[in-house]
Structures are given as structure tokens and as C-alpha cells.
1. Among 7, 1, which is the only one that is exposed (fewer than 10 other Cβ atoms within 10 Å of the Cβ) and in contact with a helix residue (DSSP H, G or I) (Cβ under 9 Å, 6 or more places away or on another chain)?
2. List the pairs whose first member sits in the stretch 20-44 and is on the phi > 0 side of the Ramachandran plot and touching a residue at least 60 places away in the same chain (Cβ under 8 Å), whose second member is surrounded by 12 or more Cβ atoms within 10 Å (Cβ to Cβ) and part of a helix (DSSP H, G or I), and whose Cβ atoms are under 7 Å apart, counting only residues at least 6 apart or on separate chains?
3. Looking only at the stretch 39-74, which residues are exposed (fewer than 10 other Cβ atoms within 10 Å of the Cβ) and closer than 23 Å to residue 2 by Cα?
4. Quick one: which residue in 19, 34 is over 16 Å from residue 68 (Cα atoms) and surrounded by 10 or more Cβ atoms within 10 Å (Cβ to Cβ)?
């Protein structure tokens, strides 16, 4: 099941960013997924699924955005190791 929410963009924002409404909406989804992952509210797997990409691709994006992939805990290390 999917829920849809509409986004409104003022024409000035679209003109200033030189992005289409679709491109800006995609960017908003990506930034939201990254923020929720950073906050620990969304797993990397679920974020990747939402974005329609492999988990590894999402983790590379998160890393490039400066988001730590592990929080240096033993539990985190073991969970990631078990995924290999």
C-alpha cells in the first residue's frame, strides 16, 4: 500500500533552482530518506526500497552525505556482519 502526499512549489523556487517540480519532489524524497536514516527512524534497507535502489547504493549516498554507517557499537557491527 502507498500513501500519496502532494507538494506545492512556488514558480520562483522552480525558476531559481532550475529544477522541474518532478525533480524537486525526487530531491525532497531523497533528502527525507537520508534525514530519517540519520535520525535512526528508517533503516537503510527500507530507505533504499522507498527510493527504488539497492541498499548498497543508498549506503553509498548516505556515506557521501556524511552520515556514519555504523555507530561503533558491538550490536551494530554484528548486525552488519551477519548481512554479509
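Coordinate-derived values only; no laboratory data. All figures in this text were calculated on a predicted structure; none of them were measured in a lab. Cβ atoms come from the backbone with ideal geometry, glycine included; neighbour counts cover every protein chain shown.
1. Details: 1 fails: in contact with a helix residue (DSSP H, G or I) (Cβ under 9 Å, 6 or more places away or on another chain).
The unique qualifying residue is 7.
2. Hits for this filter: zero, empty list.
3. 39, 40, 52
4. Working: 34 fails: over 16 Å from residue 68 (Cα atoms).
None of the other options fit; the residue is 19.
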